[in-house]
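Here is the structure we will look at, set down as structure tokens.
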Amino acid sequence: MKKIASFTVNHNLLEKGIYVSRIDGDVVTYDIRMKKPNAGGYLSVGALHTFEHLFATYARNSAFADAVLYVGPMGCRTGFYLLMRDSVSKEEVISLIRDSFSFIADFAGEIPGSKRIECGNYMEHDLEGAKEVARDMLEVISHWTAEDMVYPV
């Protein structure tokens, strides 16, 4: 079988940040790397789960809602994928991510979609953990630009 694109990225060089993972027609996959790969200290399942609920809710209610195709965690628990239509510029995507992470960092109240009837694992959430990750990433991406969105080689 052919090796999939994400397995060709040198994870030994990858740092926290936002990267263009791939472009398929008019769909751009963004790699939002929140933990350094293979360095321990991965996203806990509860924080990852809560982050997903808040990130997806914010992005799908933003000005770019119609261009958001997918928001979801990486199985390795080092980050998230964000799939967007290419009608949204890289600068706008960075802004959307910053705004989403600010929303998460400041969030108070009931986690959207966290009731038993709404979620397949409603008991495994960690709001404080999600907020901590959001605050950390806001520092990492505070000066991130479209030029920074290239994987290191």
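The values are calculated or read from the model by the stated rules, or taken from the named source; none is laboratory data. As the structure is a computational prediction, the values presented were derived from the model and not from experiment. Note that we place each Cβ from the backbone using ideal geometry, even for glycine, and neighbour counts take in every protein chain shown.
Residue 106 meets each of the listed conditions (1) out of contact with any strand residue (DSSP E or B) (no Cβ under 9 Å at 6 or more places or on another chain); (2) under 12 Å from residue 53 (Cα atoms) apart from (2).
Okay, residues lined up against (1) of a type in the set (Gly, Ala, Ser); (2) in contact with a Lys or Arg (Cβ under 7 Å, 6 or more places away or on another chain):
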position: 31; (1), (2): no, no
position: 44; (1), (2): yes, no
position: 48; (1), (2): no, yes
position: 78; (1), (2): no, yes
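Of these, 83, 48, 96, 69, which one is modelled with pLDDT of 95 or more, in contact with a helix residue (DSSP H, G or I) (Cβ under 7 Å, 6 or more places away or on another chain) and of a type in the set (A, V, I, L, M)? After applying the criteria, what remains is 96. Residue count for region 63-96, restricted to those that are buried (at least 18 other Cβ atoms within 10 Å of the Cβ) and either closer than 18 Å to residue 129 by Cα or of a type in the set (S, T, N, Q) (or both): 5. Summed over region 26-67, residues that are without any contact (Cβ under 8 Å) to a residue 24 or more places away in the chain, hydrophobic (A, V, I, L, M, F, W, C) and not in a loop (DSSP other than H, G, I, E, B) total 3.
Of everything in region 32-45, what is in contact with a helix residue (DSSP H, G or I) (Cβ under 8 Å, 6 or more places away or on another chain) and buried (at least 18 other Cβ atoms within 10 Å of the Cβ)? Give them in sequence order. Talk me through it step by step, then tell me what you get.
To start, the set of residues in region 32-45 that are in contact with a helix residue (DSSP H, G or I) (Cβ under 8 Å, 6 or more places away or on another chain) comprises 32, 34, 43-44.
Matches in region 32-45: 32, 34, 43.
Among the residues of region 1-25, the ones that are among the polar types (S, T, N, Q) and touching a residue at least 40 places away in the same chain (Cβ under 8 Å) come to 2 in all.
Figure legend. Inter-residue proximity from region 118-136: first residues β-branched (Val, Ile, Thr), second residues crowded, with 20+ Cβ neighbours inside 10 Å and outside any helix (DSSP H, G or I), beta-carbon distance below 7 Å, spacing 6+ or different chains. Indicated pairs: 133/34; 133/43.
Just to check your reading of the model, which residue among 124, 147 is more than 16 Å from the chain's Cα centre (by Cα) and within 22 Å of residue 29 (Cβ to Cβ)? Explain how you work it out, then say what you get.
Details: 124 fails: within 22 Å of residue 29 (Cβ to Cβ).
Of the residues listed, the single one that is more than 16 Å from the chain's Cα centre (by Cα) and within 22 Å of residue 29 (Cβ to Cβ) is 147.
Give the residue that is surrounded by the fewest Cβ atoms within 10 Å (Cβ to Cβ), with candidates limited to residues of region 97-128 that are aliphatic (A, V, I, L, M) and assigned to a helix (DSSP H, G or I). Lay out the reasoning, then the answer.
If we filter region 97-128 for residues that are aliphatic (A, V, I, L, M), which is where we start, we get 97, 104-105, 108, 111, 117, 123, 127.
Okay, now just the ones that are also assigned to a helix (DSSP H, G or I), so 97, 104-105, 127.
On the way: 97: 22, 104: 24, 105: 17, 127: 20.
Across region 97-128, the extreme among qualifying residues is 105.
Residue-level analysis places residue 14 among those that are in a loop (DSSP other than H, G, I, E, B) and over 13 Å from the mean Cα position of the chain (by Cα).
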